[in-house]
Amino acid sequence: MTLSSEMNSTNGTILVVDDEPDILIALEDLFENDYRVLTASSPTQALDILRHEPDVAIIISDQRMPEMQGDEFLAKARNVSDAEAILLTGYADLKAVIGAVNKGRIMAYVPKPWDPNALSNMVAAAYQRRMLARELDTERALLHGLMESTGDLISFKDLEGRFVRLNAGKARSLGCAAGDCLGRRERDYVSPERATMLEEAERRAIEARQPDEVIEERTLPDGKTQWFLINHIPILDEAGAVTNLATIERDITERKLMEMRLRQADKMQALGTLAGGVAHDFNNLLMAVLGSLDLASRRAPDDPRLTRLLQNATYAAERGASLTQRLLSFSRQRDLRLQAVDVNQVIAGMSDLLTRTLGGVIRIERHLANELWAAMVDPDQLELAILNLCINARDAMEENGVLTLSTRNEDVEEGRITDLTSGDYVVISVADSGSGIPPEVLARVLEPFFTTKEVGKGTGLGLPMVYGLAQQSGGTVTIHSTLGVGTTVELYLARAATAQDGRPLEERSIADDAPKVRILLVDDDAEVRTVTAAYLTEMGHRVVEAADGSSALDILKADDQLDVLIADFAMPGMTGTDLADKAREIRSDLGILLVTGYADPKRVPYGHLMLHKPFSRTDLAMKVGEATRRKEQ
């Protein structure tokens, strides 16, 4: 074997095989300026060269050689090379030529002696054909790799809608093998309704000569829903006419679910703002009602019938107060007492309560994780949340149903659960074996006041309250439900940095013999101001009233005997916080207490005492005593 010239940037390698040295030299001289020429004096040597030189583009072989005939050699060469082949023969042996064509797949044969120009042109054409074949093979390999490696469903159709090519994923979605689908229409495999929808989208793409995009919702046999983004792309020729249609179907279920969850979160935020506003006005009304009933009950004559009526009215108003607390929990406007809590201990302590509340018609199973992390949450609100979830689970089941209450630790990755940042969470799961929740209902269960229960059987604030607690505690709520199988509600709570044993200390009540002080009471609601002033007067305090912040400042400048300022947090013109700041500029030693029907905890300046409406006489006495002690320090 000899090497005549290095392969240049445009031309490739030729292998010349002939048992006559003179012919090898002549052919080498003819092509060495344009190609890299390899020579072999026998077919055996040539086969060895081909095994080590995969880039040989053209084989020029003599027909009559002592070791084996040229057509036989080229047939064997096909086992190790796909190079183009030209047969040289000094004899018009038609049988050999036919054998070379069939077995050796030669592209031409050239008689000896050859015409140098004709042979050069023939080799150039063979080389061009070789390069085109290589490019076509590369494109086929790339297309095949793209079609089979992607998760998308890809297909190509002719203008009659018949498949001309499709990947395995698309074939599986139709329930057939890729080869069996060729030449058939999609209508042969899908429902008439879906076929009509697809054909209409294809028609639009072909007529417009522009891609057409649709989102298709599909229901799986197990009842779950998938969404696909389908692109119909017309393929145009050089004249701009449509020759074929490509279809790419992408599963966007995760993206769709994420969008739905984000829309739900936005809706919850808007509803929470509305709920907070409603609670503010409602709490002012309840403060006036409960305060007046309390004052009236202690001043009314000893009449059992009148006492019973007053007690009934008080009970109804207190139910309304409980309702607003749920609203505030949902809207994240209630200041929770967040602390490290042993969730397993809370659940264990609720055993008797759950047994009495849920009755004996269902079975309660508990699967509480060992070494459960402490959760950062308000323990009182957590008990209420768990109770609400268990009551909902009970109501979803028939007799002999199973309620499973479980806990676990979970490390959540970023983006896996909407509303949650990455980190460690304590998960409380409440699962029932009920009938499940239809998708249209599941999308609304976190909305306040939405309920499927009969009138009078539910307020529609149970799940929203749980959701509000989770949000304020740095967590969230997820709900998974399957019709006919049951529902699982999972409450995610942020892991506490350190555990804390026991419950919060009970707030101390203030005796009526506490020091009496002079108080400036500021509230724009006259009814609330009247009730609060009556409470304070009964305690023995001296009260000066003002309806707004500017009037309160005038009084404060004129009266240096005032000890405590009690101001409504949300007042028009000047808020309670603004008034407190201006009052401190006048009297730095003034005790300050802010009262609110609702307040976003983030807006409350650090260090201010807060009292939430509706409050009792005892609540007010306690906070006034605390404000007085702060003044004296």
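Observations on the model:
- Within segment 364-382, being more than 28 Å from the chain's Cα centre (by Cα) and among the charged types (D, E, K, R) holds for Glu365, Arg366, Glu371, Asp380.
- Being exposed (fewer than 13 other Cβ atoms within 10 Å of the Cβ), over 21 Å from Thr482 (Cα atoms) and hydroxyl-bearing (Ser, Thr, Tyr) holds for only one residue in Thr225, Thr243, Thr247, and it is Thr243.
- When segment 295-348 is filtered for residues that are modelled with pLDDT of 80 or more and either part of a loop (DSSP other than H, G, I, E, B) or in contact with a Phe, Trp or Tyr (Cβ under 9 Å, 6 or more places away or on another chain) (or both), the ones remaining, listed by number, are Leu295, Asp342, Val343.
- Residues located in segment 548-581, provided they are at pLDDT 90 or above, surrounded by fewer than 23 Cβ atoms within 10 Å (Cβ to Cβ) and closer than 9 Å to Asp523 by Cα: Asp548
- Residue satisfying condition, being of a type in the set (Asp, Glu), in contact with a Leu (Cβ under 8 Å, 6 or more places away or on another chain) and at pLDDT below 85, within set Glu447, Glu454, Glu440, Glu414: Glu447
- Restricting attention to segment 487-524, the residues that are within 30 Å of Leu553 (Cα to Cα), modelled with pLDDT of 85 or more and in a loop (DSSP other than H, G, I, E, B) total 4.
- Cβ-Cβ under 6 Å pairs, at least 6 apart or on other chains, segment 529-543 side in contact (Cβ under 8 Å) with a residue 40 or more places away in the chain, far side in a helix (DSSP H, G or I) and β-branched (Val, Ile, Thr): none
- Ala177 being farther than 23 Å from Leu236 by Cβ and either surrounded by 14 or more Cβ atoms within 10 Å (Cβ to Cβ) or touching a helix residue (DSSP H, G or I) at 6+ places or on another chain (Cβ under 9 Å) (or both): yes
- Residue in segment 33-42 that is more than 20 Å from Arg134 (Cα to Cα) and loosely packed, with under 14 Cβ neighbours inside 10 Å present: yes
- Considering residues of segment 231-264 that are touching a residue at least 12 places away in the same chain (Cβ under 8 Å) and of a type in the set (Gly, Ala, Ser) only, the residue nearest to Ile479 (Cα to Cα): Ala246
The values are calculated or read from the model by the stated rules, or taken from the named source; none is laboratory data. No experiment lies behind these values; they were computed from the predicted model shown. Here Cβ is always computed from backbone atoms with ideal geometry, including for glycine, and neighbour counts include all displayed protein chains.
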